[in-house]
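Enquirer: Sharing a structure here in C-alpha cells format.
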Amino acid sequence: MRVNSRQEQLDRLLVDWVGEMSILENERFVKVSRQLLNIFGFEEQELLGEKFDKLVCPDHFEMLYVEQYFFSHHSRNKNSRIKGLKKDQTIVYVNVFTTYIEREGSCYVIIDYIEDITDRRAELDYSREMEERFRSAFHYAAVGMSLVSINGKVQEMNYALSETLGLSDQVVEGLPFTDLIHPDDAASYLECCTQLIIGEVQCCEIERRFVHRTGQTVWGVLSITLVRDVDGRPLNYIMQLQDVTQKREAEELLRKSDKLSAVGQLAAGVAHEVRNPLTVLKGFAQMLLSGEPNNSYYPLMLSEVERIESIISEFLMLAKPQVAKFEPTDFLVLAKQVFSLMETKAIMYNVQIQTDFSLQDAIVECDENQIKQVLINMIQNAIEAMPGGGVIHFAVKQRGSDTLVISIADNGSGIPEDRIPRLGEPFYSSKEKGTGLGLMISYQIIQKHNGHITVRSKLNEGTIFAITLPYRQGSGNQDDGGKQDE
C-alpha cells in the first residue's frame, strides 16, 4: 500500500514537472508549457505543430540559427537569450534553458525553463544608453577631460585634451598624468590630489603649465574632482583642463603695452631735460682733455657721457618712433655694410664674424636704416656676450618661398631659460649695465616689418637670435659693389 502511495506521489511530481516544460520534436512543438503561453500570449493549440521560429523576432533569426547549430553539435544543455515576438507583435526578451536529446532517429529540444527578462533588459538598455551618453559628452566636450586612476595613470582622455596637448595620434592609456605637466608645476598638482584623497577639499582648481608634444608650454586651468564608490572608497580622478594660453599671451601683451606707454611718456620728459646739461658737461670735458691730453680721467668721462647720449637717443625713439620708409633693399648688401661698421669693435673684443649666405641676393621691403639698427644691436649684444673673445656666426637662409631667416649665434655665456620670455621688455636686460631698450626697439622694428624674433640659448654654450622677414627673390643683377661703397 505504501509502495503504491509513494509511486503515485512520484507520478504526480513527474506530471507537474513535465507540465512546466515545452517540448519540440524535429523542431516543432509537441507540448507547450503554461509559462511559455503566458509570456507570449498564445493558446496551446496555436503553437502545437509550429516551429519555435514563430516566437522569434525576424531580426534575431540569424543569431538563433548559429546558436542552434552550435547547440546541436557541441553541447546538450544551453542557456540562450532571445529577442521574441508576442502574439500582439510586441517585443519580449526571454532567457531560455534547453536540453537537446536524440532518440530513435528523432531530435528533441526540451525547454526546461523560460523567463521574461524584458524589464531587466530595459533597465540594462537604459544603463547602456546613459553610459553611451556620458561617453559622448566626455569625448566630445569642448573642455579637455581625462579620467585618471588613483595611482596617477591616464585611463581615458577626450579629444579636446588630446588636441590641446598634441596627443591626437598617441596611445595615452597608462601614461602618468604628471608626464603632461611642466616639471616645475608637478608638485602643486600632487598636493591637490593628496588634499582630495584625505578629504580636505571636494574639488581643486589650479592654473599651471602643461607640456605640448612639441615641447611648447601650454597654460591651463586644471579642475580636479575625486570620484568615490558608495562606501566612500576612491575610484578615480576626473581632470578638466581649460586652455588659457591665448588669454595669458593677451594679458602679457597688454602688460607690455601699458609698460611701453609709460616708458614713452617718461622718455619724452627725461630725454629733453637731460640732453641740455649733458651737452654742457661733454663740452667742458672735451676742453679739459685738450688742455691735459695725458689725463686718463677725461677720456673715461667722455665715454660715459657718450653712453648716456646713446641711452637718451633710445629714449627719444621710444617717445617719438620714426615713420618707416619701406623700399626694396638687398639684405645681403645691407648686412655687409653693418659688418664694416662693427668690424672695429669686434677686433677690440677679439671676436670673429663668420658669414653663411646661401642666397645670391635677397630683396626685402624694409626701412634700411631701421634694419641696420636691429643688426647693429644684435651683433653688439653678441660681441659683449663674449668679453674674452669668440666667434659670431651670421647666416642668411631661405625658408619656404617667401621667408628670409637671419640667425646671429654667439658662443658666449648664454641666457637663463626663465629670462628668455622677458627679452624685449623695457628696462629688462641680461647684461649687468644694460637697459633693455635696444632689444625692445629691435623687437618693435621687426614686428613693423611683419617679421618676428625667436631666441634659443644654453648656459655656457651660447645664444642664437633668429629673425624672420618676408622677402622676394631678386634678379641677381644688382650692383653689390656700388652699394658696398656707399
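Enquirer: What residues of the stretch 141-181 lie in the reach of a label at R213, counting those whose backbone N is under 11 Å from a point 7 Å from the Cα along Cα→Cβ?
Expert: 162-172
Enquirer: How many nm is it between the label spots at R275 and V221, if each spot is 7 Å from the Cα in line with the beta carbon?
Expert: Between R275 and V221, the label points sit 4.8 nm apart.
Enquirer: Another question about this same structure. Tell me which GluC sites (Glu not before Pro) from the stretch 72-115 have a DSSP coil assignment and no more than 16 other beta carbons within 10 Å of their own.
Expert: Working: sites: E102, E104, E115; in loops: E104.
Filter output for the stretch 72-115: E104.
Enquirer: If you take every residue apart from V154 with its C-beta less than 11 Å away from the C-beta of V154, what net charge results, scoring Lys and Arg +1 and Asp and Glu -1? Spell out each step's value before the answer.
Expert: Details: positive: K153; negative: E156, E173, D179.
Cβ neighbours under 11 Å give a net charge of -2.
Enquirer: Something else about it: Need the full-extension length gain, I150 to E417, defined as separation in residues times 0.36 nm minus the C-alpha distance. One decimal, nm.
Expert: Working it through step by step, the gained length comes to 92.7 nm.
Enquirer: Counting other Cβ atoms within 10 Å, keep those with at most 13, restrict to DSSP loop, and tell me which GluC sites (Glu not before Pro) in the stretch 136-235 are left.
Expert: Qualifying residues, ordered by number: E173, E200.
Enquirer: Please give the length that would be gained between T99 and C203 if that part of the chain were fully extended, namely 0.36 nm times their separation in residues minus their C-alpha to C-alpha distance (nm, one decimal).
Expert: In short, 31.8 nm is gained.
Enquirer: Arranged by the count of other C-beta atoms within 10 angstrom, fewest first, what order do C366, C203, C57, C193 take? Show your work: numbers first, answer last.
Expert: Working: C366 27, C203 13, C57 16, C193 19.
Ordered by Cβ neighbours within 10 Å, fewest first: C203, C57, C193, C366.
Enquirer: How far apart, in nanometres, would the label points at E46 and Y113 be if each is projected 7 angstrom from Cα along the Cα-to-Cβ direction?
Expert: Roughly 2.7 nm, to one decimal.
Enquirer: Something else about it: Does the stretch 140-243 come out rounded, prolate or oblate by the C-alpha gyration tensor, with a ≥ b ≥ c the root eigenvalues, rounded set by a/c under 1.5 and, if not, prolate when a/b is larger than b/c and oblate if not?
Expert: Taking the square roots of the gyration eigenvalues as a ≥ b ≥ c, the stretch 140-243 is prolate.
Enquirer: Over 26 Å between Cα atoms, which of K282/K336; K51/K87; K51/K83; K336/K397; K247/K372 qualify? Provide the component values of the computation, followed by the final result.
Expert: On the way: K282/K336 33 Å; K51/K87 14 Å; K51/K83 16 Å; K336/K397 15 Å; K247/K372 34 Å.
The answer is K282/K336; K247/K372.
Enquirer: Could you compute the FRET efficiency for V171 and Q380, with r as their C-beta to C-beta distance and R0 at 51 Å, rounded to 0.05?
Expert: The calculated FRET efficiency here is 0.55.
Enquirer: Fully extended, how many nm does the chain gain between I464 and Y140 (0.36 nm per residue separation, minus their Cα-Cα distance)? It would help to have the intermediate numbers written out before the result.
Expert: Numbers: separation 324, 0.36 × 324 = 116.64 nm, distance 4.16 nm.
Extra length from I464 to Y140 when fully extended: 112.5 nm.
Enquirer: Students often get this wrong: which residues of the stretch 189-229 have the backbone nitrogen under 17 Å from the point 7 angstrom along Cα-to-C-beta of Q246?
Expert: Residues 217-221 fall inside that zone.
Only the coordinates and a few stated rules stand behind these numbers; no lab work does. Keep in mind that this is a model prediction, so the values were computed, not measured. Positions of Cβ are generated from backbone atoms using ideal geometry, with glycine treated the same way; all protein chains shown enter the neighbour counts.
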